[in-house]
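Have a look at the structure below before the remarks.
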Amino acid sequence: MGIPSLMPDDDPIVRLAKQMDASRKSESLLMNAGSIAGLRRRGACQLHQVCAEFVSLLKSKGVDSPVELSPLTYSEEMFRERGVNLFQVSSQGRQMQIAFQATPQTFSTEKYLIPYILEGEIRAYNQRMLEHFEIRSQALFYCVDHETAFWRFYDWRNPRNLPVDPELLAGLMQRLF
C-alpha cells in the first residue's frame, strides 16, 4: 500500500510543509534587523493610511454624523517598536480600535501561516455591546512574503482571510449601527 499522491489541505504534514516553505522564502528578507524595523514602520503607516482613506470615503459620501480618526495623522517616527500602537475610528459612540505591535521575534508564523512582523486585532463595539461585555475582535497580521509586505485580516469565528482595506473596515463598522 503506497502513500496517496494528493493530501488534503487540512493534513498537518501539508500545513507544516507550507509553513516551512513560507519561512524559508522570507528568511533572506528577514535577516537584516534594520530592514525589519523599517518594514514595521512602513506597515504601521500603511495601516493608518487605510484608516484615513476609510474615514475620507465616508465623509465624501455626505455622512451627517462626525467620523473621527485618532491619531489624525501618523508618521514612521510615531511607531512604537516596543508596546502597543493604537488607531481608533469613532462615530456616534461606536468605536473601531486597531491595536498592533511588533512580534517578539524578528518574524513569526505562530498564529498565521504566512510569516508576519506585526500582529494585532481590530476591536469593534458600541454602548449596547459594552453593557453585555461583548466586544468583537479579529486578528490582523502584517505579512512578509519574499518581496512584498501586506496587511491581512483573519476572522477565526467564520474562518476567512481578507486584505485590510476600506471596504473591510466598512463591513466591520456597519455591524455597529
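Nothing in this text is a laboratory measurement; each read-out follows from the coordinates by a stated rule. Predicted model, so just to flag it, every value in this text is computed and none were measured. Methodologically, a virtual Cβ is constructed for each residue, glycine included, from the backbone with ideal geometry; neighbour enumeration extends over all protein chains shown.
Some notes on this structure:
- Matching residues, the stretch 135-166, being surrounded by 12 or more Cβ atoms within 10 Å (Cβ to Cβ), closer than 20 Å to Q97 by Cβ and more than 13 Å from the chain's Cα centre (by Cα): I135, R136
- Candidate set: the stretch 103-134, residues that are hydrophobic (A, V, I, L, M, F, W, C) and over 22 Å from Q19 (Cβ atoms); chosen: the one surrounded by the fewest Cβ atoms within 10 Å (Cβ to Cβ): F133
- Filtered residues of the stretch 80-102 (kept if more than 28 Å from N126 (Cβ to Cβ) and buried (at least 20 other Cβ atoms within 10 Å of the Cβ)): A102
- Look at the stretch 122-143: where a residue is among the charged types (D, E, K, R) and a partner is crowded, with 20+ Cβ neighbours inside 10 Å, sitting 6+ places away or on another chain with Cβ atoms under 6 Å, you get R136/A124.
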